[in-house]
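*Asks:* The structure's right below; bear with me while I get my questions together.
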Amino acid sequence: MRCSHCLVNFHDNWLPGTFYRRNQPTGWTYHTAACPACERLTIVIENDDGEQRIVEPISTSRGPISNFVPSEISIDYTEACNVLPISPKASAALARRCLQNILNTFGYKAKDLAKQVDALINETDPKKALPIGLHETIDAIRNFGNFSAHPIDEKTTLQVIDVEAEEAEWCLEILKELFEHFYERPAIAAQKKAALDAKLAAAGKPPSK
Ligand SMILES: [Zn+2]
């Protein structure tokens with residue numbers, strides 16, 4: 001299986017354990033496995049009906065968030081990831097707020113989130129337009145009935161609405177891609193340009209366009 005902390009594959013090296021009450025086994029057991037790569041524990045508990053639940057880590061890592069994403073944005077995203085296994089509704093509400101904050105920051109303002117997403121999809125400035133793959137993914141938002149059926153404005157930003165777990169998960173994936181589009185790629189491009197301009201300046205030439 002894959003380690004949910006670092007996403008590296010590891011061989012199952014589970015150690016079993018039992019929960020006792022007054023020196024008698026309760027029927028509840030646990031299994032722990034340490035990841036050889038990151039050394040962190042995965043802990044699974046099993047009840048007397050054989051139902052299993054992973055209690056550590058609470059959620060699967062989606063990989064690190066770029067340092068270029070401002071903390072007020074990444075906080076909502078991280079929390080949305082963490083609560084996903086417990087409450088897809090809460091996760092989706094946080095993910096939507098995060099999405100709305102990004103769109104507000106970049107000037108896609110509208111009365112509700114669905115219209116803001118429309119504005120993003122219809123962006124005509126080639127410098128700002130979404131790459132094709134991401135454009136198609138975001139366009140699929142329209143296919144999630146709940147997403148557009150429940151307009152989200154300032155008053156209802158954290159409104160909890162019915163969502164499927166997959167929809168909540170999908171929101172998080174979109175966010176991860178938007179982080180790249182809005183924060184990471186432009187920041188890296190700016191760094192490269194600055195480095196180039198420094199070289200040009202050293203050679204006595206004007207900065208690049
Ligand atoms: Zn690991």
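The values are calculated or read from the model by the stated rules, or taken from the named source; none is laboratory data. No experiment lies behind these values; they were computed from the predicted model shown. Here the Cβ is made from the backbone with ideal geometry for all residues, glycine too, and neighbour counts use every protein chain on show. For the accessible areas, the whole protein counts, side chains as well, though only heavy atoms, and no ligand, DNA or RNA atoms are used. Shrake-Rupley method; radii C 1.70, N 1.55, O 1.52, S 1.80 Å.
This table checks each residue for (1) open to solvent by 20 Å² or more (accessible area, probe 1.4 Å); (2) not β-branched (V, I, T).
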| position | (1), (2) |
| --- | --- |
| I58 | yes, no |
| S66 | yes, yes |
| S71 | yes, yes |
| P88 | yes, yes |
| R97 | yes, yes |
| L103 | no, yes |
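*Asks:* Being within 8 Å of the ligand (Cβ to nearest atom), open to solvent by less than 100 Å² (accessible area, probe 1.4 Å) and either closer than 21 Å to N82 by Cβ or among the hydroxyl-bearing types (S, T, Y) (or both) is the filter here; which residues of segment 13-40 pass it?
*Replies:* C35, C38
*Asks:* Taking Y77 as the residue in question, decide whether it is at pLDDT 90 or above, open to solvent by less than 20 Å² (accessible area, probe 1.4 Å) and either within 28 Å of V8 (Cβ to Cβ) or acidic (D, E) (or both).
*Replies:* yes
*Asks:* Separate question: So F10 ticks every box in (1) open to solvent by 60 Å² or more (accessible area, probe 1.4 Å); (2) within 16 Å of the ligand (Cβ to nearest atom) but one. Which box is left unticked?
*Replies:* (1)
*Asks:* Filter segment 151-190 down to the residues that are in a loop (DSSP other than H, G, I, E, B) and crowded, with 16+ Cβ neighbours inside 10 Å, then identify the one that is modelled with the highest pLDDT.
*Replies:* V163
*Asks:* State whether one or more residues within segment 41-56 are within 16 Å of the ligand (Cβ to nearest atom), more than 17 Å from A168 (Cβ to Cβ) and of a type outside the set (A, V, I, L, M, F, W, C).
*Replies:* Yes, because at least one residue in segment 41-56 is within 16 Å of the ligand (Cβ to nearest atom), more than 17 Å from A168 (Cβ to Cβ) and of a type outside the set (A, V, I, L, M, F, W, C).
*Asks:* Moving on. Here is a list of conditions, (1) at pLDDT 80 or above; (2) surrounded by 14 or more Cβ atoms within 10 Å (Cβ to Cβ), and G133 meets all of them except one; can you say which number that is?
*Replies:* Looking at each condition in turn, G133 falls short on (2).
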